[in-house]
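Comments concern the structure below.
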Amino acid sequence: MPTSAVSHHRPDDLIIRLSSSSSDADDDKLKALRYLKNQIIGNRTKKLSYIKLGAVPAVVSILSDSSPANFESSLSLLVQAAATIGSFACGLDAGVKAVLDAGSLPLLFDLISYPNEKIVDAGARSLKIIYQSKLAPKYNLFQEKNLESLMLLLNSENENVGGLGASIITHSCRTSIEQKALSDAGVLKKLVSLLGGSLCQREASLESLATITKENPEVISQLVGLEERALSIITELTKDKYPRTRLLSCLCLISVRNTSPCYLEDMGITPKLVPILLDLLDDPGQVGDEAPFALSSLVAGNEDLQNLAFEANVVDKLCDYFQKEVLQTRRLQGILLALADLCSALEKCRSRLLSLQVFNFVTDALTHRNAEVREAVCIFLKCISRSVQNLSAGNFVKESIISLLIQLLNSSFTSVQIAALGAISNIVVDFTANKSLFIQSGGLGELIQLSKSMDSSIRLNAVWALSNLIFLTESQFKDDVMLELTTTALYGLICDSEASVQEHALAFLKNLVDGQLDCIEYVFAEEGLLLQAVGRQLRSALKTEVLVQGMYVLCNVASGVEFHKEGVMQELLQPIHSNHQPMIISFLQSPISQLRVICTWTIINLTFPSSPGAPDRAVKLRNAGIVPQLKNMVNDSCLDVKLRVRAALGQLMTFGDGLAAV
Amino acid sequence: MSLFWIVIRQLAEIEAMQATSKKVITKEEWEKKLNDVKIKKEDMNKLVMNFLVTEGYVDAAEKFRFESGTEPDIDLATITDRMAVKKAVQCGNVEDAIEKVNDLNPEILDTNPQLFFHLQQQRLIELIRNGKVEEALEFAQEELAPRGEENPSFLEELERTVALLAFEDVANCPVKDLLDISQRLKTASEVNAAILTSQSHEKDPKLPSLLKMLIWAQNQLDEKAAYPRIKDLSTAKLEGPSI
C-alpha cells in the first residue's frame, strides 16, 4: 500500500482510533498504532507533540485491554503497543514521565511472562529503556521476592530479558547494603558469565558490575574470590573493538582501582588505561563525551598517574579539542574537569597547558550558557592558579577573568558560586597585583555578601577567600577590608553554627593580626569583642582545626605589646569545658602536634625576657603547672615541639630562681 | 587449486619470510614453500560463509551450508529481514525501509540519530527525484528541519540537501551528487551496518581484510626481496620475480 511522504493522518484522529473500544476496530487500531510508532521512532519533536495530545494513555490502554478473543491481532497489538511505549521513553524525560504516569510499568512486566518470544522481547526492550532513565522508580532490592524475580530475569535465555535484569541493577542499586544483598543472592557469577555474551549483554553487565562494586571493597573481594578471572576478562574487554565496551570496561576497572587498588597492581593494567581513554576521546558520539570523565576519575588525586598521562601528551591532546571545533556541552565540561585534575598537583602540567595559549576559550567558557560548564571552568581555574610562578608573572590572570569570576559569584547555582569562590581564593592568595585587581573590580562587596549566605558551604568558601585575600598584606589594605566587613560581622562568623566556618573565620583573624603591630588592635576593638570570641571558641570547640586556628591568633597577638600579652594570658588560664583544666595545659597535652607547637610558641612569646611583664606572667604560668607539663614534653615525638619546649623552659627558668615555687 | 588457497598460502608464506633476509626467490622455490603451508579447509569455509552472510546472500549461504556443512554464525532468517531493508533503500523506498527496520528492532533508529537523519534525507532526495516539489518542501519543513534543531551538527548536510530544491536543473547543480545512486547505496550500507551491530555481528566481512593484509605484506616484503607476487587479486596469479 503506497504511503505518502507527509502525514495525512491527523494526530487527534489517530488517538481517537487508538482509543476505540470496539473490538471490530482491532484491525484499524493496529494500523493506527503502527503508524504512530513509525512516526515517533527517532523523532523527538513528534514524541513531544503526541505526548501533549495524550497519546500515551491511549497506547497504554491497548496493553491493558487487549482482548484474548482475537488472539492473532491481540499479539500484534501487544507487540506494537510495547514498542511504541518504549519509543516514547527513549532518551526523553517527558516521555518516561508520561509512560510511568499512565501505569505502563506493571503491564510491561506482565508481558515478560508471555509464552510468545516476540512479546517478551518487546516488553523487555521497553522496560530496559525506561530503566535507563533516572526517573524510573527505584526497584526495591531489599525485598526477598524482588530479588528472586531479578535473578529470574538475569537467568533468562532471552538476551533482552537478561539485559533488563542488568539494567535494573545499574539503575536501582545505590547503597552498600543493596550491593551486598545482590552479591549474596548470587548476581556476580551471572554477570560475569554475561561478559562472554552478545554485545548488549556485555555492555549491560559491565555497567551493572561497576554499580555493584562501587566503593565496596567487600563485594570486590567477593567478585575476585568467586571468579578469579573476572578482572582479566574485564581487562580484555578494554581492547574490544566496540568503543562503548572499551569505555564501560575502563570505568569498571577504574572503580575497582579506586576502591581496592591491590587487585589491579599485579596486572599492571592501570597505566595502560591512559592511552585507551585517550583514544576513546576521538569517538564523535557519546563515548567520546564520557571519556574525559573517566580520565578524571582515573588520575584524580594520583600523582603517578597524572605523571604518566603527562608523558603520554594528554594535556596537548585535550587542548587540541578547543582549537578544533565548537564543543558539545558535555564534552566541554568533561575536558575542563580532566584538565583540572591533571593540573591539580603537577606544575609541569600547568606550565605545559599555559604554554599552549588556549586561554581565550577560558573566558568563553566562563560565560557559557550551561551552568555545569561554568562550574567546570572555575574548578579548572582553581587548579591552574596553583602555579605560583605563572600567577606571579601575571600570565593568565587578567581583568576580564577576574570580573567574570566576580559575576559568577552572583550565579543562581550554588555549585557555580562555590567553584568561583575556589578559583578566587587561589588567585588572590599571593601577589598584591591580583588582590588589588580583585578589589578594584568590586569583588570585596560580593565576598562579604556571600559570607552572610544562608548556605553554610557558601559562607565557608567566602570566608576562605577573604582570609586568603588579606594574607600577607599591608595594614592599609587590611583596614580597607575591615571597614567593609566590620568587626561585628567577623564576630558573627567566628561564632558561626558551623565548625568549618568558625575555622576559616579564625584563619582570617590570624591573617589579620599577622604582621604589623597595629593590626593586633583589631582583636581588642569594641571592648575586646573578637578576643572574647576567640576565647569562647577555644574553650568549647571540638574540631581540631578550630582550636589550631584559634591558638594561632593568640600566638600572634602574644607577639605584640604588653597589653596584648596580658589579654592572651587571661584567655590561656581559663578552664576549658571538656576537662576543666586551664586551656594552656590542656592544649599542651593535645595529641595534635601542631597545637602543641603553637602553644609552646605562645609561651615563648609571653615570657620573652625583654618584655617588662614577662616575670609576672612566668609566675602565673608556673602557678598553673606549666613547668612539670613542659618537662614531660622534653622528649616529644615531634621535633618542632621538642625544640620549642626546651626554649620555653629555658626562658621560664631565667625567672625561676629566687621566686616562690608552687 | 582454488584462487583462495593460493592467496592464503601466499600471505602465510610472506609472513614467515619476513624473518629471513633472502634477496631473490625463484618461482620454483616459492611454489615449493607455498605447498608446505598448511591451511585448514574448515577455516576457508568459515571465511566464505562469513562473506556470504555479511553481504546478505541468503540463498547462497543456505546452499553453501547444505553443501559444505559449515554453520553460519548468525541466524539466516535475520539476514532475510536485513536484506529486505537494504533492498528497499537501494530501490528508493525509504519509508518502507524505515517501517521494516522498526519492525526488526525499534531501538535502532531511536538510538542512531545520524542514521535516522540520513534516512529522512534520502526520503527528501527521492521526493525531489520524482519531481514532487511541493511534497518535498512540506517534508523538508515538517520532518527535516526538526532534526537540524535537535542536532546542530546535521545543519550543514541539511542545507546541502535542501539546496536541491533551489535548482531548476537538478541534474547539473552543485549538489547533484546527492541524486546519484551511490548516495542510496551509502545510506543502504549505513542501515545494514546498524542492523548488524544491533545483532552483535561484525559489520565488515573478514575476506577484504585478508586481502588488504596480503597487499600490505607484499609491499613490506618488496623492500627486502624479489619473489613471485600476486598482482591481480581476481586471478591470484603468481608473477615474477622480476630480476
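The values are calculated or read from the model by the stated rules, or taken from the named source; none is laboratory data. From a predicted model like this one, the values you see are computed outputs, not experimental measurements. Note: ideal-geometry Cβ built from the backbone for every residue, glycine included; neighbour counts use all protein chains shown.
Listing for the model above:
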item: Filter pass, A:F438 being of a type in the set (A, V, I, L, M, F, W, C) and over 23 Å from A:N511 (Cα atoms); result: no
item: Residue, surrounded by the most Cβ atoms within 10 Å (Cβ to Cβ), within the stretch B:190-206, restricted to residues that are in contact with a Leu (Cβ under 6 Å, 6 or more places away or on another chain) and under 29 Å from B:S234 (Cβ atoms); result: B:E190
item: Hits in the stretch A:370-404 (condition: among the β-branched types (V, I, T), surrounded by 17 or more Cβ atoms within 10 Å (Cβ to Cβ) and over 20 Å from the mean Cα position of the chain (by Cα)); result: A:V397, A:I401, A:I402
item: Boolean, B:K46 is under 23 Å from A:S198 (Cα atoms) and either in a helix (DSSP H, G or I) or without any contact (Cβ under 8 Å) to a residue 24 or more places away in the chain (or both); result: yes
item: Residue within the stretch A:231-239 that is more than 27 Å from the chain's Cα centre (by Cα), under 22 Å from A:N307 (Cα atoms) and surrounded by fewer than 17 Cβ atoms within 10 Å (Cβ to Cβ) present; result: no
item: Qualifying residue in the stretch A:249-259 (condition: away from chain B (no Cβ under 14 Å), small (G, A, S) and crowded, with 19+ Cβ neighbours inside 10 Å); result: yes
item: Residues (among the hydroxyl-bearing types (S, T, Y) and free of Cβ contacts under 8 Å to residues at least 24 places away in the same chain) located in the stretch A:413-452; result: A:S436
item: Sole exception among (1) over 14 Å from A:K565 (Cα atoms); (2) in contact with a Ser or Thr (Cβ under 8 Å, 6 or more places away or on another chain); (3) among the aliphatic types (A, V, I, L, M) for A:V634, by number; result: (2)
item: Residues satisfying the stated conditions in the stretch B:133-163, i.e. at the interface with chain A (Cβ under 10 Å from one of its Cβ atoms), touching a residue at least 12 places away in the same chain (Cβ under 8 Å) and not hydrophobic (A, V, I, L, M, F, W, C); result: B:E143, B:R147, B:E150, B:N151
item: Answer from A:I129, A:I168, A:I119 - the residue that is part of a helix (DSSP H, G or I) and touching a Phe, Trp or Tyr at 6+ places or on another chain (Cβ under 8 Å); result: A:I168
item: Any helices (runs of 4 or more DSSP H) falling wholly within the stretch A:550-662 and containing at least 3 residues that are more than 41 Å from the chain's Cα centre (by Cα); result: A:562-572, A:593-606, A:614-623, A:626-632, A:639-656
item: Residue pairs meeting the criteria (Cβ under 7 Å; at least 6 apart or on separate chains; first among the small types (G, A, S), in the stretch A:623-652; second surrounded by 14 or more Cβ atoms within 10 Å (Cβ to Cβ) and part of a helix (DSSP H, G or I)); result: A:A624/A:I584; A:A624/A:I585; A:G625/A:I585; A:A647/A:I604; A:A648/A:T600; A:A648/A:I603; A:A648/A:I604; A:A648/A:L630
item: Pairs, first touching a residue at least 12 places away in the same chain (Cβ under 8 Å) and more than 12 Å from B:L196 (Cα to Cα) in the stretch B:53-81, second outside any helix (DSSP H, G or I) and among the hydroxyl-bearing types (S, T, Y), C-beta under 7 Å, six or more apart; result: B:F64/B:T70
item: Residue that is hydrophobic (A, V, I, L, M, F, W, C) and closer than 30 Å to B:N151 by Cα, where the choices are A:L264, A:L327; result: A:L327
item: Spans of helices (runs of 4 or more DSSP H) in the stretch A:5-74 with at least 1 residues among the charged types (D, E, K, R) and at pLDDT below 90; result: A:11-19, A:26-40, A:55-65
item: Scope the stretch B:49-69; condition part of a loop (DSSP other than H, G, I, E, B) and either in contact with a helix residue (DSSP H, G or I) (Cβ under 7 Å, 6 or more places away or on another chain) or closer than 24 Å to B:V85 by Cα (or both); matching residues; result: B:G56, B:Y57
item: Top-ranked residue of the stretch A:31-58 - restricted to ones that are within 14 Å of chain B (Cβ to nearest Cβ) and of a type in the set (V, I, T), ranked as nearest to B:F116 (Cα to Cα); result: A:I41
item: Selection from the stretch A:513-524 of residues that are over 35 Å from the mean Cα position of the chain (by Cα) and at pLDDT 90 or above; result: A:C519, A:I520, A:E521, A:Y522, A:V523, A:F524
item: Residue match in the stretch B:5-23 (condition: modelled with pLDDT of 85 or more and loosely packed, with under 11 Cβ neighbours inside 10 Å); result: no
item: Residue count, the stretch A:314-369 (criterion: in contact (Cβ under 8 Å) with a residue 24 or more places away in the chain, assigned to a loop (DSSP other than H, G, I, E, B) and surrounded by 16 or more Cβ atoms within 10 Å (Cβ to Cβ)); result: 7
item: Helices (runs of 4 or more DSSP H) completely within the stretch B:70-114 that count 2 or more residues being facing chain A (nearest Cβ under 10 Å) and not small (G, A, S); result: B:94-104, B:107-110
item: Answer from B:A193, B:A217, B:A225, B:A166 - the residue that is hydrophobic (A, V, I, L, M, F, W, C) and within 14 Å of another protein chain (Cβ to nearest Cβ); result: B:A193
item: Residue match in the stretch B:121-128 (condition: touching an Asp or Glu at 6+ places or on another chain (Cβ under 9 Å), facing chain A (nearest Cβ under 10 Å) and outside any helix (DSSP H, G or I)); result: no
item: Meets criteria (basic (K, R), in contact (Cβ under 8 Å) with a residue 60 or more places away in the chain and more than 14 Å from chain A (Cβ to nearest Cβ)) for B:K212; result: no
item: Verdict on A:T211 being buried (at least 18 other Cβ atoms within 10 Å of the Cβ) and closer than 20 Å to A:G165 by Cα; result: yes
item: Residue within the stretch A:284-303 that is acidic (D, E), at pLDDT below 90 and loosely packed, with under 15 Cβ neighbours inside 10 Å present; result: no
item: In the stretch A:112-133, the residues that are touching a residue at least 40 places away in the same chain (Cβ under 8 Å) and either farther than 18 Å from A:G163 by Cβ or away from chain B (no Cβ under 14 Å) (or both); result: A:I112, A:N116, A:V120
